[in-house]
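**Q** Sharing a structure, written as structure tokens. Questions coming.
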Amino acid sequence: MPRVYLGLGSNLEDRRNNLLSAIGLLAQIEGVVVKDCSSIYETDPLGYLDQPAFLNMVVEIETSLPPLDLLDRCQEIERKLGRKPTVRWGPRTIDLDLLLYGEEKYEGERLTIPHPRLTERAFVVIPLQELGLDSLPGLGMATRELGEKLQRSQRIYLHTPKSEVKCLCWAVFSGSCTGK
């Protein structure tokens, strides 16, 4: 099964709980195994700026689901956790983005893999590096250099260390986040 990476973000209500709840719901999907979770980072919004700061993280999964089916399941989780349509890049209880799906490239009406703005976002590049990606599959870019470059123009602070995130996953979801 391919290594798949999902970006999670929240800037409304209980942001950290929203992220953890999304991980728990991901772990309940048949054909999905949550393998690892990054630290949680606090970041300023990009695009639409008149909104609260985000908490962001990346989750590594293995899945037997094809990309569009996985996208559908992610959007179901967003709806379950109260995401409502707003302005583009606006405030949300939860956002799940399919960042990478193994080495696969995909371009369709509803989905592009690798995520089209992945290389512009410190809040996904830094967690991907933390999860052991030295380069971005399909893009040939080193995560360390790209992360350093993005940090010069984007505010990103460690909110919850990876070790604590893993403990919370274990405690809240009875081991659904297996880690490495």
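The values are calculated or read from the model by the stated rules, or taken from the named source; none is laboratory data. Keep in mind it's a predicted model, so treat the numbers as computed, not measured. Counting neighbours? That spans all protein chains shown, and the Cβs are built from the backbone with ideal geometry, glycine included.
**Q** Check whether at least one residue in the stretch 69-81 is under 15 Å from the mean Cα position of the chain (by Cα), crowded, with 21+ Cβ neighbours inside 10 Å, within 30 Å of Cys167 (Cβ to Cβ) and polar (S, T, N, Q), and report yes or no.
**A** No; the residues of the stretch 69-81 include none that is under 15 Å from the mean Cα position of the chain (by Cα), crowded, with 21+ Cβ neighbours inside 10 Å, within 30 Å of Cys167 (Cβ to Cβ) and polar (S, T, N, Q).
**Q** If you go through the stretch 1-12 one residue at a time, how many are assigned to a strand (DSSP E or B) and surrounded by fewer than 21 Cβ atoms within 10 Å (Cβ to Cβ)?
**A** Of the residues in the stretch 1-12, 1 are assigned to a strand (DSSP E or B) and surrounded by fewer than 21 Cβ atoms within 10 Å (Cβ to Cβ).
**Q** Just to check your reading of the model, which residue among Val165, Val125 is β-branched (Val, Ile, Thr), in contact with a Gly (Cβ under 7 Å, 6 or more places away or on another chain) and outside any loop (DSSP other than H, G, I, E, B)?
**A** Going through Val165, Val125 in turn, just one is β-branched (Val, Ile, Thr), in contact with a Gly (Cβ under 7 Å, 6 or more places away or on another chain) and outside any loop (DSSP other than H, G, I, E, B): Val125.
**Q** Restricting to the stretch 112-123, what's the tally of residues that are surrounded by fewer than 15 Cβ atoms within 10 Å (Cβ to Cβ) and in contact (Cβ under 8 Å) with a residue 24 or more places away in the chain?
**A** Summing the residues that are surrounded by fewer than 15 Cβ atoms within 10 Å (Cβ to Cβ) and in contact (Cβ under 8 Å) with a residue 24 or more places away in the chain in the stretch 112-123 gives 1.
**Q** Follow-up question, since we're still on this one. Looking at the structure I just gave you, is Leu98 touching a Phe, Trp or Tyr at 6+ places or on another chain (Cβ under 9 Å), outside any loop (DSSP other than H, G, I, E, B) and either closer than 21 Å to Lys35 by Cβ or among the β-branched types (Val, Ile, Thr) (or both)?
**A** yes
**Q** For the stretch 140-152, give me each residue that is under 18 Å from the mean Cα position of the chain (by Cα) and among the hydrophobic types (A, V, I, L, M, F, W, C).
**A** Within the stretch 140-152, Leu146, Leu150 meet the criteria.
**Q** Tell me, which residue of the stretch 46-100 that is basic (Lys, Arg) and without any contact (Cβ under 8 Å) to a residue 40 or more places away in the chain is nearest to His159 (Cα to Cα)?
**A** So the residue we want is Arg83.
**Q** Something else now. Just the residues that are part of a loop (DSSP other than H, G, I, E, B), in contact with a strand residue (DSSP E or B) (Cβ under 9 Å, 6 or more places away or on another chain) and free of Cβ contacts under 8 Å to residues at least 24 places away in the same chain, please, taken from the stretch 101-111.
**A** Selection gives nothing.
**Q** Please work out which residue is farthest from the chain's Cα centre (by Cα), limiting yourself to the stretch 82-118 and to residues that are polar (S, T, N, Q) and under 22 Å from Ala53 (Cβ atoms).
**A** Thr86
**Q** I would also like to ask the following. Would you pick out the residues in the stretch 13-59 that are at pLDDT 95 or above, of a type in the set (A, V, I, L, M) and either out of contact with any Leu (no Cβ under 9 Å at 6 or more places or on another chain) or exposed (fewer than 15 other Cβ atoms within 10 Å of the Cβ) (or both)?
**A** Ala53
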